[in-house]
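Here's the structure, in structure tokens; my notes come after.
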Amino acid sequence: MSAQITGLVSHPSAIIPTDTTRLLRSAMPILGTRVLLVVTAFAPLWLGLGILETFGSGRAALAFYALAAASPPVLALYLRKGRRIEPREVKVTTARRRDDAVLAYVATYIVPFALGTAVSGWRERVVIAMFIVLVLGLHVHARTYYIHPLLALARFHVWDIELTTGRSTVLIARRVHIPAGSSVRARVLDADVYLEAPGSRE
């Protein structure tokens, strides 16, 4: 009996279906990409919560400072790692800038900062924490995690593009114009996020 248990622990695929294992393995990098983009996108919020000491002074404030300070280098390392991915050429049928969605992103700051200036006890902190978790979850679910102030500071633009295959996806690029019918060399960071590589042509 103990030998059977040891075998199952050593080989979890024996109790988890192969298809499920493959699905989990493929989903983990995608989820990691989305969480990373969302968390680093809210670096200004983490900094503000630290300055306001919304969740208290001392370690809590230092944790938010650390999260804000770590976001730029973590994002830079992620993009550098993404550049190692072999690019592929895709044909664009339509392209639309999504920089206007920054206004919706900025609106998510209003409630935490408004509440953060009037924190008087644990109840307000619980409400703020619940709101932040809700906002982060909605950004991941609604695929707006690419609305990113740090990417904007690095002169990246966000595009909604439709490919000749009929697939719609997001392209992060430094170009300010992508005409219909152009070819784009892109690296796939996520099932829904492409990063433009040098060598694209119109």
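Every residue in the range 29-58 that is surrounded by 14 or more Cβ atoms within 10 Å (Cβ to Cβ) and polar (S, T, N, Q), please.
33, 40, 54
Filtering the range 63-88 down to residues that are of a type in the set (A, V, I, L, M, F, W, C) and closer than 12 Å to residue 154 by Cβ, which residue is surrounded by the fewest Cβ atoms within 10 Å (Cβ to Cβ)? Before you say what the answer is, go through the steps one by one.
As a first pass, look at the range 63-88 and keep what is of a type in the set (A, V, I, L, M, F, W, C): 63-64, 66-70, 74-77, 79, 85.
Among the residues that remain, those that are also closer than 12 Å to residue 154 by Cβ are: 75-76, 79.
Numbers: 75: 20, 76: 13, 79: 17.
Restricting to residues being of a type in the set (A, V, I, L, M, F, W, C) and closer than 12 Å to residue 154 by Cβ, the top hit is 76.
Collect the residues in the range 138-168 that are buried (at least 18 other Cβ atoms within 10 Å of the Cβ) and among the polar types (S, T, N, Q), keeping them in residue-number order.
Across the range 138-168, the qualifying residue is only 144.
Can you tell me which condition residue 80 does not meet? The list is (1) under 29 Å from residue 182 (Cα atoms); (2) touching a residue at least 24 places away in the same chain (Cβ under 8 Å), and all the others hold.
Here residue 80 clears every test but (2).
Consider only pairs whose beta carbons are under 8 Å apart and that are at least six residues apart or on different chains; among these, list those whose first residue lies in the range 116-137 and is farther than 16 Å from residue 40 by Cα and surrounded by 14 or more Cβ atoms within 10 Å (Cβ to Cβ) and whose second residue is at pLDDT 80 or above and of a type in the set (Lys, Arg).
Within 8 Å, the pairs are 119/125.
The values are calculated or read from the model by the stated rules, or taken from the named source; none is laboratory data. Note that this is a predicted model, so its numbers are computed, not measured. Reconstructed Cβ throughout: ideal geometry from the backbone, glycine too, with neighbour counts over all protein chains shown.
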